[in-house]
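Let me begin by presenting the structure, written as structure tokens, before commenting on it.
The values are calculated or read from the model by the stated rules, or taken from the named source; none is laboratory data. It should be emphasised that the depicted structure is a prediction, and the values quoted were computed from it without experimental measurement. Positions of Cβ are backbone-derived with ideal geometry, glycine not excepted, and every protein chain shown enters the neighbour counts.
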Amino acid sequence: MDSKVLMDLADRYGARNYKPLPVVIDRAEGVYVFDVEGRKYLDFLSCYSAVSHGHRHPALIKAAVDQLGKVTVTSRAFHNSELGPFMKELCEFTGMEMALPMNSGAEAVETAIKAVRKWAYKVKGVPRYDAEIIVCADNFHGRTTTVISFSTEELYKEAFGPFTPGFKVIPFGDAEALKKAITPNTAAFLVEPVQGEAGVIVPPEGFLKQAAQICRENNVLFVADEIQTGFGRTGRRFAVEHEGVKPDLMCLGKALGGGVYPVSAVVGSKEVLGLFVPGEHGSTFGGNPVACAIGRAALKAMIDEKLVERSAELGAYLIERLGSIKSKYIKNVRGKGLFVGMVLYHEAGGARRFCEALMARGMLCKETHDDVIRFAPPLVITKEQIDWAVAEVESVMNSI
């Protein structure tokens, strides 16, 4: 079937909760994807950072195939031979004491919310069910009912109430607002070190360090959502490391599964994660053998291939090259590592038309909040491939 037939099928039988670009991807390798007609595209989105290792990384595919030949799922009713090693290696990679594996990023955030609430009641002494969690405006932590309860994006909330209580919203990057929002009932501050879905918004220098210090001084847990920013995306293993911050908990996902399989986790201190008791929380597929095998391979490849270092070097190069483009449409370029947002003036007529034009030239990226183009290529990209991509962006920015 050709692309039009396949898109028509998806449109006819699928719920309309996405508006994808009109391309049907059939296969992929490295930094490239191919549509059903065989046209090649440079992937500059990486499935929102899930494909940081590149598509179908050989070591990850081998780990998956090998494990598929042994055992695929056991549930946590039993031990499996990949789970312990995976959690050990994940803790070593993150510098944390304990791990709780799940599947999706949203599940990781839900897990962290439950963990910090229990800590508030059992350790801090907050009155039962009065715990509060502080979050930031323009946040994106998933789309579950609880998570959208503290979103400031009306589209995510409009028809889906009633909402879960227990959250306070402050401006992103405002340390003074954080300090003022804390009460004796505050359990945690949950924050993206760089806001992705909001348009790759980098907080003011020093904000994360200040926020962590404020949390320590007030016996409040600092929880970093590194689902999109983690595993080298911003040029450090985790984005909080740019300011030398060690969170109490981190929510992980996306690149942890290497673009092969959904793998997520919460990692943190024994003081918090050690409070869970059997039966309180879990997942049928969380920590399954295939996920663990792929996660282990993803961590090893991240280290062996120096993907974090590549992101730091090539990200600086990409930001510099994009920032040098002269166009009446471009307001600014911002980001860290290979996590970049090109902000357009309102007069540009929205970012989507530029994404569609780039797609026609063989480059895939995505608009974010109407006026931002998000660039997040696989960390295995080369300087030559970046040069080609920047030339295409420049051409599009000056031709439509």
Open item on the list: Between a residue in the stretch 131-159 that is at positive phi and any residue that is of a type outside the set (Val, Ile, Thr) and in a loop (DSSP other than H, G, I, E, B), which pairs come within a Cβ distance under 7 Å, given they are 6 or more apart or on different chains?
Closed with: Asp138/Phe172; Asp138/Ala198
Open item on the list: Regarding the stretch 205-216, can at least one residue be identified that is crowded, with 24+ Cβ neighbours inside 10 Å, closer than 30 Å to Gly54 by Cα and either modelled with pLDDT of 95 or more or in contact with a Lys or Arg (Cβ under 8 Å, 6 or more places away or on another chain) (or both)?
Closed with: yes
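Tell me, which strands (runs of 3 or more DSSP E) lie completely within the stretch 1-84 with 1 or more residues that are hydroxyl-bearing (Ser, Thr, Tyr), out of contact with any Cys (no Cβ under 8 Å at 6 or more places or on another chain) and closer than 21 Å to Arg233 by Cβ?
Fully inside the stretch 1-84 and qualifying: 32-35, 40-43.
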Task: Per-region count, the stretch 192-201, residues of a type in the set (Val, Ile, Thr), within 13 Å of Cys136 (Cβ to Cβ) and in a loop (DSSP other than H, G, I, E, B) - done: 1
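Take Lys122 and decide whether it is surrounded by fewer than 20 Cβ atoms within 10 Å (Cβ to Cβ), in contact with a Phe, Trp or Tyr (Cβ under 9 Å, 6 or more places away or on another chain) and not small (Gly, Ala, Ser). Explain how you work it out, then say what you get.
Details: surrounded by fewer than 20 Cβ atoms within 10 Å (Cβ to Cβ): yes; in contact with a Phe, Trp or Tyr (Cβ under 9 Å, 6 or more places away or on another chain): no; not small (Gly, Ala, Ser): yes.
Considered against the rule, which asks whether it is surrounded by fewer than 20 Cβ atoms within 10 Å (Cβ to Cβ), in contact with a Phe, Trp or Tyr (Cβ under 9 Å, 6 or more places away or on another chain) and not small (Gly, Ala, Ser), Lys122 comes out as no.
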Task: Exclusive hit being of a type in the set (D, E, K, R) and closer than 25 Å to Arg352 by Cα, set Glu305, Glu320, Glu309 - done: Glu320
Open item on the list: Just to verify a result, which residue in the stretch 312-337, among those that are farther than 14 Å from Val202 by Cβ and among the charged types (D, E, K, R), is surrounded by the fewest Cβ atoms within 10 Å (Cβ to Cβ)?
Closed with: Lys326
Open item on the list: Condition check: farther than 19 Å from Pro377 by Cβ, touching a residue at least 40 places away in the same chain (Cβ under 8 Å) and crowded, with 18+ Cβ neighbours inside 10 Å. Does Phe44 satisfy that?
Closed with: no
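Quick one: would you say Val169 is of a type in the set (Val, Ile, Thr), crowded, with 20+ Cβ neighbours inside 10 Å and within 29 Å of Asp370 (Cβ to Cβ)? Give the steps one after another, and end with the answer.
Working: of a type in the set (Val, Ile, Thr): yes; crowded, with 20+ Cβ neighbours inside 10 Å: no; within 29 Å of Asp370 (Cβ to Cβ): yes.
Against the criterion (of a type in the set (Val, Ile, Thr), crowded, with 20+ Cβ neighbours inside 10 Å and within 29 Å of Asp370 (Cβ to Cβ)), Val169 does not qualify.
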TODO: Read through the list (1) in a helix (DSSP H, G or I); (2) under 29 Å from Asn139 (Cα atoms), then give the number of the only condition that Ile373 fails.
DONE: (1)
- [ ] Enumerate the pairs (first residue in the stretch 208-233 and part of a loop (DSSP other than H, G, I, E, B); second residue anywhere and of a type in the set (Asp, Glu)) with beta-carbon separation below 7 Å, excluding pairs fewer than 6 apart on the same chain, so at least 6 apart or on different chains.
- [x] Thr229/Glu192
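Among the residues in the stretch 244-252, are any of a type outside the set (Ser, Thr, Tyr), assigned to a helix (DSSP H, G or I), under 19 Å from the mean Cα position of the chain (by Cα) and within 14 Å of Phe93 (Cα to Cα)?
No, the stretch 244-252 contains no residue that is of a type outside the set (Ser, Thr, Tyr), assigned to a helix (DSSP H, G or I), under 19 Å from the mean Cα position of the chain (by Cα) and within 14 Å of Phe93 (Cα to Cα).
Residue by residue, here is whether (1) under 23 Å from Ala239 (Cβ atoms); (2) out of contact with any Asp or Glu (no Cβ under 7 Å at 6 or more places or on another chain); (3) in the same structural domain as Phe238 (by TED's automatic domain parsing); (4) not in a helix (DSSP H, G or I) holds:
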| position | (1), (2), (3), (4) |
| --- | --- |
| Leu299 | yes, no, yes, no |
| Glu313 | yes, yes, no, no |
| Ala316 | yes, yes, no, no |
| Gly335 | yes, yes, no, yes |
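Taking the condition under 13 Å from the mean Cα position of the chain (by Cα) and hydrophobic (A, V, I, L, M, F, W, C), does Ala198 pass? Explain how you work it out, then say what you get.
Working: under 13 Å from the mean Cα position of the chain (by Cα): yes; hydrophobic (A, V, I, L, M, F, W, C): yes.
Criteria met by Ala198.
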Task: Selection status of Ser75, surrounded by 12 or more Cβ atoms within 10 Å (Cβ to Cβ), small (Gly, Ala, Ser) and more than 24 Å from the chain's Cα centre (by Cα) - done: yes
TODO: Could you check Arg334 against (1) under 18 Å from Asp43 (Cβ atoms); (2) in contact (Cβ under 8 Å) with a residue 12 or more places away in the chain and say which number it fails?
DONE: (1)
- [ ] Could you pull out the residue among Val340, Val380, Val290 that is buried (at least 17 other Cβ atoms within 10 Å of the Cβ), in a helix (DSSP H, G or I) and touching a residue at least 40 places away in the same chain (Cβ under 8 Å)?
- [x] Val290
Task: Of the criteria (1) assigned by TED's automatic domain parsing to the domain that holds Thr368; (2) modelled with pLDDT under 95, which one Ser46 fails - done: (2)
Task: Every residue from the stretch 382-400 that is in contact with a Phe, Trp or Tyr (Cβ under 9 Å, 6 or more places away or on another chain) and farther than 22 Å from Ser52 by Cβ - done: Val396, Met397, Asn398, Ile400
